[in-house]
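The values are calculated or read from the model by the stated rules, or taken from the named source; none is laboratory data. Every value quoted in this text rests on a predicted model; they were computed, and no experiment measured them. Don't worry about glycine lacking a Cβ; one is built from the backbone with ideal geometry, like all the others, and counts go over all protein chains shown. The protein model used for the area step is the full one, side chains on, heavy atoms only, and it has no ligands, DNA or RNA in it. Shrake-Rupley method; radii C 1.70, N 1.55, O 1.52, S 1.80 Å.
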Amino acid sequence: MIYLSVIIPVYNAEKYLEDCVNSILNQQFSDYEILLIDDGSTDGSAALCDRLSMENEAVKTYHVPNGGPSKARNYALKKASGVFVQFVDSDDLVEENALSAMFEKAKVSKSCAITAIADVVNQNNEAIQTLTVPDQGETTIQSVLKNLTVESKAVYLHYLWNKWYRLDFLKQNNIYFREDVRLGEDFLFNCEMFMVAETIEGTDIPLYRYFKRGNGSLSSSFNPYELQRRRMMDSIFLKLYQEKNLYNGADKKKIEQMIGSIALASIRSVVSKNAPKLEAQLNYIDSFLASEYYDFLDKYRKIGTASKADKIELFLLKNRWKFAFLMLERVRKSN
């Protein structure tokens with residue numbers, strides 16, 4: 001049996017794909033298969049996938065009609081035969097010799113997933129942020145959730161590529177990606193896993209290099225449907241705490257404040273390069289203030305850890321001074 005299935009959705013990634021695949025093929029560890037899912041590419045990616053498969057029997061290529069990364073990953077999960085699975089983006093790299101170290105960790109782990117260190121790097125492959133794992137060794141999901149911060153929430157719930165997942169656990173619990181979601185699907189996937197998992201393993205092994213290319217990302221751009229997206233993500237986040245019997249007392253207060261913090265970031269995205277005209281910006285802010293997020297924002301405003309800049313903007317939002325908020329946010333982003 002193959003030990004590791006590496007799943008790589010490919011869409012118009014001709015420029016980066018070979019380096020990505022070679023970062024796996026050059027590992028000392030070799031008990032793996034690489035599943036390239038060509039998601040209807042319109043550049044030379046499809047031919048490149050075929051060539052890589054011809055050159056190395058560990059590389060398997062599948063061509064599917066364009067349906068997005070979630071559909072491509074679900075297709076690959078049904079084809080995968082490894083004990084563990086790792087999801088890799090086609091323009092990123094796996095750290096040198098990481099797979100051997102992860103294999104040694106996985107052999108003795110009883111958890112459904114192993115979370116490792118990842119570096120966020122710029123287009124010159126220079127590290128700009130290291131995503132560390134706060135809990136080393138086997139840790140209960142309850143413990144992770146009770147100690148969750150905005151930073152560790154990203155490490156555990158928002159990212160796929162810093163983990164090995166036990167494949168039979170995913171299949172037995174019918175954990176797959178939401179194919180109707182194009183932003184936040186990784187978070188939903190990890191929340192579903194956390195709901196049924198008992199423990200997760202943490203390690204200080206450097207596993208992955210995530211390339212932050214260009215000037216921004218989908219998550220920092222204006223999305224006119226952001227309120228609906230936030231509701232979808234926060235509802236499953238709250239459900240996770242409820243399922244683990246943690247939605248009470250200090251834990252309830254903490255996650256509601258966390259939701260307020262993230263809602264503020266969503267509102268701030270109205271000031272971005274692709275922002276709409278003024279009237280639409282004001283309506284966008286109004287949609288949040290007329291929703292349940294008004295209370296979440298106020299709960300975040302009242303905590304001592306909120307920054308001075310956050311508290312000023314939260315005060316403006318509490319009083320529904322939307323135009324003043326926009327002006328201040330434009331100044332903040334121009335500095």
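So what is the relative contact order for the chain, in percent, with contacts set as C-alpha pairs under 8 Å and at least six apart? Kindly include the intermediate steps, with their values, before the conclusion.
Details: 534 pairs, mean separation 52.9, N = 335.
Over the chain, the number comes to 16 percent.
Give me the Kirkwood hydrodynamic radius of the range 197-294, using the inverse of the mean 1/r over all pairs of distinct Cα atoms, in Å to one decimal.
On the way: mean 1/r = 0.0624 Å⁻¹.
The answer is 16.0 Å.
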Carbon/sulfur fraction of accessible area - the range 234-316, other protein chains in place, 1.4 Å, %: 54 percent
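Check each of the trypsin sites (Lys or Arg not before Pro) in the range 1-98 and keep only those in coil by DSSP with at most 16 other C-beta atoms within 10 angstrom; list them in order.
Details: sites: 15, 51, 60, 71, 73, 78, 79; in loops: 15.
Answer by residue number: 15.
When only DSSP loop residues count, what GluC sites (Glu not before Pro) in the range 180-261 have their Cβ near at most 13 other Cβ atoms within 10 Å?
Values: sites: 185, 192, 198, 201, 226, 243, 256; in loops: 198.
Filter output for the range 180-261: 198.
Excluding residue 284 itself, calculate the net charge of residues whose Cβ lies under 14 Å from the Cβ of residue 284, where each Lys or Arg counts +1 and each Asp or Glu counts -1. Can you show the working numbers first?
Numbers: positive: 229, 230, 268, 277, 320, 322; negative: 226, 279, 286, 329.
Result for the neighbourhood of residue 284: +2.
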Two-decimal log10 I(q)/I(0) for the chain, as the Debye equation yields it once each C-alpha is a single scatterer, q = 0.10, 0.14 Å⁻¹: -0.64, -1.18
Filtered trypsin sites (Lys or Arg not before Pro), the range 100-148: DSSP coil and at most 12 other beta carbons within 10 Å: 110
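Tally the DSSP beta bridges in the chain and give the antiparallel ones as a percent, rounded to 5. Show your work: numbers first, answer last.
On the way: 15 of 39 bridges.
The antiparallel fraction comes to roughly 40 percent.
Which of the residue pairs 153/322; 110/146; 15/254; 15/322; 171/299; 15/71 have a Cα-Cα distance greater than 32 Å in the structure shown?
Working: 153/322 29 Å; 110/146 21 Å; 15/254 43 Å; 15/322 43 Å; 171/299 39 Å; 15/71 22 Å.
The answer is 15/254; 15/322; 171/299.
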Cβ-defined net charge surrounding residue 161, 14 Å radius [Lys, Arg +1; Asp, Glu -1]: -3
Formal net charge of residues neighbouring residue 4 (Cβ-Cβ distance under 9 Å; K, R +1; D, E -1): -2
Hits among aspartates and glutamates - C-alpha to C-alpha of residue 107 under 14 Å, sequence gap 8 or more where chains match: 31, 138, 201
